[in-house]
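Since the structure comes first, as structure tokens, the remarks are kept for the end.
Coordinate-derived values only; no laboratory data. Owing to the predicted nature of the structure, the values given are computational and were not obtained by experimental measurement. Cβ placement follows ideal geometry from the backbone for every residue including glycine, while neighbour counts extend to all protein chains displayed.
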Amino acid sequence: MDNMSQTFVSPFTAPSTSDSKLLDPVVESTADISSLISDQSRIVNEEIEFEDYLRASFSYDKSGRSPVCVEQIIENIPQDCAVLDAGCGTGNYMSPLVKSGKVKSYIGMDVNEGMLFHARKKAAALRAAESVTADVTTLAGSLLESLPFGDNVFDVIILNQVFPHISDVRVFNKTKFISAMMVEFSRCLKPGGLLSINTCTHDQISAVWYNNAMPEACEEIKQRTPDIDEIKVLLESSGFTDFSFTKDNEPLLGENYWRYELCFTEGYRSGDAIWSLVRDEEYAKALMSMKYGLREERETFDNIAHNAVEGTGHSNPDLL
């Protein structure tokens with residue numbers, strides 16, 4: 001999503017249930033990719049999704065996207081843990097988590113076949129590395145339906161910049177899928193497990209330098225992103241407790257965030273979903289405004305961009 005994020009890790013105490021075997025398929029073919037996603041889920045995904053991630057996946061990593069706050073996540077996860085990366089995208093968190101030596105099994109799940117194509121290549125490279133002992137798997141699955149896992153099987157679930165893609169702005173209860181997803185997370189987490197969510201506050205969305213040039217698209221991405229108070233309610237209603245919120249200044253696009261001219265390239269724009277929400281007229285005006293500002297008032301432009309971030313932060317790793 002955007003270049004600023006709010007992350008929090010929350011411990012969850014689940015009720016005791018009988019142990020269930022973790023579904024851990026090895027995904028090798030297109031048929032396997034599709035096997036865990038229902039036709040109805042695919043239809044709904046297509047209706048509420050607004051970005052062409054199949055196309056974006058081939059330049060997504062080149063945009064500069066980085067696993068923000070991964071050090072804080074690694075610091076707080078238990079040794080020999082089972083991790084679900086829900087909505088893993090191209091698998092940016094996969095390598096640092098697996099190479100930390102604290103992960104026994106990692107499953108990266110995503111609904112988009114383009115993203116999974118790149119995640120599977122990363123997973124294969126890790127499996128081939130002699131230094132890696134963890135089980136590393138990717139699978140196709142939708143967060144709009146029940147997760148294909150048993151109860152109490154994961155020590156850690158991470159969710160990074162996913163909310164806008166499962167919010168259904170067509171209906172009054174736009175967070176219905178998010179609420180159901182949280183219930184599924186609570187079911188799949190072991191007692192005392194950790195949930196790490198990386199998202200953006202509305203203030204952080206507004207502070208992204210290029211979002212200011214696209215006010216209509218900025219408001220639309222906010223509509224798709226629950227703010228912190230709403231997230232607290234969603235978590236509490238699913239049984240999660242003891243939230244913690246911490247602000248971090250690492251951009252999702254890494255150092256590329258400050259390389260302003262890159263915004264005129266498709267590869268850079270593929271790293272942030274807001275560009276998919278910009279209508280033609282606003283898009284043209286935004287690019288014209290940015291070009292003028294960078295050419296005629298670059299120092300002022302740069303100062304505004306940095307001051308905005310200092311006030312809100314880029315990301316918030318919040319650990320309980």
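Rank-order 282-295, 78-91 by packing density, defined as the average count of other C-beta atoms within 10 Å over each peptide's residues, highest first.
Working: 282-295: 14.6, 78-91: 21.9.
Taking the mean over residues of other Cβ atoms within 10 Å, the ranking is 78-91, 282-295.
Would you please classify the overall shape of region 179-320 from the alpha carbon gyration tensor, given that a ≥ b ≥ c denote the square roots of the eigenvalues, rounded means a/c under 1.5, and beyond that prolate means a/b larger than b/c while oblate covers the rest?
On the way: a/c = 2.67, a/b = 2.04, b/c = 1.31.
Judged from the Cα gyration tensor, region 179-320 comes out prolate (a/c at least 1.5, a/b above b/c).
Got a sec to turn the phi values of region 122-127 into Karplus ³J(HN,Hα) couplings, 6.51 cos²θ - 1.76 cosθ + 1.60 with θ = phi - 60°, whole Hz, x for Gly and Pro?
Result, ordered by residue: 5, 5, 5, 5, 5, 5 Hz.
Distance in nm between label sites at SER244 and ASN212, each 7 Å beyond Cα in the beta-carbon direction?
That separation, rounded to one decimal, is 3.3 nm.
Output the peptides 160-171, 120-131 sorted from most to least packed, where packing is the average of other Cβ atoms within 10 Å over each peptide's residues. If you can, show how the numbers build up before the last one.
Working: 160-171: 19.6, 120-131: 14.3.
Final packing ranking: 160-171, 120-131.
Could you order the peptides 210-216, 133-139, 226-232 from most to least packed, using the average number of other C-beta atoms within 10 Å per residue? Could the numbers behind the result be given before it?
Working: 210-216: 18.7, 133-139: 20.9, 226-232: 16.7.
With the highest mean Cβ count within 10 Å placed first, the list reads 133-139, 210-216, 226-232.
Whole-Hz Karplus ³J(HN,Hα) for region 66-82, in order, using 6.51 cos²θ - 1.76 cosθ + 1.60 and θ = phi - 60°, x for Gly and Pro?
Result, ordered by residue: 10, x, 4, 6, 5, 5, 5, 5, 4, 4, 9, 7, x, 5, 6, 8, 9 Hz.
Give the dimensionless ratio obtained when the Cα radius of gyration of region 81-236 is divided by 2.2 N^0.38 Å.
Values: Rg = 16.5 Å, N = 156, 2.2 N^0.38 = 15.0 Å.
So the Cα radius of gyration is 1.10 times the expected 2.2 N^0.38 Å.
As an exercise, use a Förster radius of 30 Å and the Cβ-Cβ distance of SER237 and SER146 to find the FRET efficiency, rounded to the nearest 0.05.
On the way: r = 18 Å, r/R0 = 0.59.
According to the calculation, E is roughly 0.95.
Quick check: net charge around ALA213, other residues with Cβ under 9 Å of its Cβ, Lys/Arg +1 and Asp/Glu -1?
Details: positive: LYS285; negative: GLU282.
Local charge sum for ALA213: 0.
Pairs to check: LYS222/LYS285; LYS102/LYS190; LYS62/LYS190. Give those whose C-alpha atoms are more than 26 Å from each other in this structure. It would help to have the intermediate numbers written out before the result.
Values: LYS222/LYS285 20 Å; LYS102/LYS190 17 Å; LYS62/LYS190 36 Å.
Table pairs above 26 Å Cα-Cα are LYS62/LYS190.
Using a simple spin-label model with points 7 Å from Cα along the Cα→Cβ vector, what separation in nm is obtained for SER179 and ASN307?
Each label point is offset 7 Å from its Cα along the Cβ direction, giving 4.2 nm.
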